[in-house]
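Below is one structure, written out as structure tokens, with a few remarks after it.
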Amino acid sequence: MTRRLAVVTGAGSGIGAAIARELAERGYEVLPTDIDAASAAATAAACGSPGHYRLDVTDAAGVGEVITELTTVHGPMSVFVSNAGVSRMRRFLDISPEELDRTLGVNLRGAFLASQAAARAMVRAGNGGCIVNVASMAGKQGKVPFLADYVASKFGVVGLTQAMAVELAGYGIRVNSVCPGYVATPMQERELAWEAELRGTTPEAVRGLYIADTPLGRVEQPEDVARAVAFLVSDDASFITGESLAVNGGAFMD
Ligand SMILES: NC(=O)c1ccc[n+]([C@@H]2O[C@H](COP(=O)([O-])OP(=O)(O)OC[C@H]3O[C@@H](n4cnc5c(N)ncnc54)[C@H](O)[C@@H]3O)[C@@H](O)[C@H]2O)c1
């Protein structure tokens, strides 16, 4: 079987770690990357990876250097997943310019820079490839309380995905997004605490709201997202590009 290399950003935790594990189970050599090198190393150990890298998606020069280094050492990449992201729940009226810069800096500018560096490497290698950006259902609807900056960043990721898909199709590179719903990860644990405080209730009650908002009736698991990513990068999706796939148990339908 042909060797297939996959690189995932923000792979030290939650959804990124699950994507790395899922792709490894499906036969990819996976290089987990994260701003937190130790967590990337832990995912690498779980995936039997040939390596891991510290990669901060906000560091424009560093992103290019790391992608060039890892393709030099491990060969061409066939899959790149731009997953790194952050959130902070605040009322729209209270979000500071610094908070806005951080959210847009990681979620939108960071996804742009990382996916751009990956696309450049794929174009250089000349073998095509697949890129998946992890957006959110908050990238398709703004009816998400206390996350206005996050919503703005994720709408940007959905648009970026379409623009990349158009410009990269001629190189045999497909570009898609996944739009998860309420996923049980460390990010969600933080959000449950913030939202409980903002609503004057408990984290458990907020979790109940998430489940009530999800027709399939449970909190989403990182593996639900990971399997959808695996589909998008597979040959079963060979004629799908520019798509932003809802993976949310029906919590938002468009
Ligand atoms: N959890 C959810 O409900 C949910 C829903 C929709 C979309 N998402 C998106 O899924 C992605 C993963 O979220 P998660 O829930 O697994 O969060 P998480 O906080 O559990 O993991 C995020 C990972 O990104 C890393 N990271 C943060 N800043 C970084 C940077 N500058 N450079 C590189 N890595 C960085 C963190 O170290 C961490 O390992 C994010 O893009 C998030 O917006 C999450």
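The values are calculated or read from the model by the stated rules, or taken from the named source; none is laboratory data. Bear in mind that the values here come from a model prediction, so they are computed numbers and not experimental data. Here the Cβ is made from the backbone with ideal geometry for all residues, glycine too, and neighbour counts use every protein chain on show.
Odds and ends about this structure:
- Number of the condition not met by G159 [criteria: (1) of a type outside the set (A, V, I, L, M); (2) farther than 16 Å from G110 by Cβ; (3) more than 13 Å from the ligand (Cβ to nearest atom)]: (2)
- Cβ pairs under 6 Å, 6+ apart, first in the range 172-192 and of a type in the set (D, E), second more than 7 Å from the ligand (Cβ to nearest atom): E191/M89
- In the range 120-212, counting only helices (runs of 4 or more DSSP H) that sit wholly within it, the ones holding 1 or more residues that are among the polar types (S, T, N, Q) span 148-168, 186-199.
- Within the range 73-102, the set of residues being more than 10 Å from the ligand (Cβ to nearest atom), buried (at least 19 other Cβ atoms within 10 Å of the Cβ) and either among the polar types (S, T, N, Q) or at pLDDT below 95 (or both) comprises S78 only.
- Subset of the range 193-224 [more than 15 Å from the ligand (Cβ to nearest atom), in contact (Cβ under 8 Å) with a residue 12 or more places away in the chain and more than 27 Å from I95 (Cα to Cα)]: P215, G217
- For the condition within 15 Å of the ligand (Cβ to nearest atom), crowded, with 22+ Cβ neighbours inside 10 Å, assigned by TED's automatic domain parsing to the domain that holds P145 and within 19 Å of the chain's Cα centre (by Cα), G105 does not qualify.
- Residue tally, condition surrounded by 22 or more Cβ atoms within 10 Å (Cβ to Cβ) and either polar (S, T, N, Q) or over 14 Å from the mean Cα position of the chain (by Cα) (or both), over the range 153-167: 3
- Top-ranked residue in the range 1-43 [being of a type in the set (A, V, I, L, M, F, W, C) and in a loop (DSSP other than H, G, I, E, B); ranked as surrounded by the fewest Cβ atoms within 10 Å (Cβ to Cβ)]: M1
- Selected residue [within 12 Å of the ligand (Cβ to nearest atom), within 19 Å of the chain's Cα centre (by Cα) and at pLDDT below 95] from V183, V144, V134: V144
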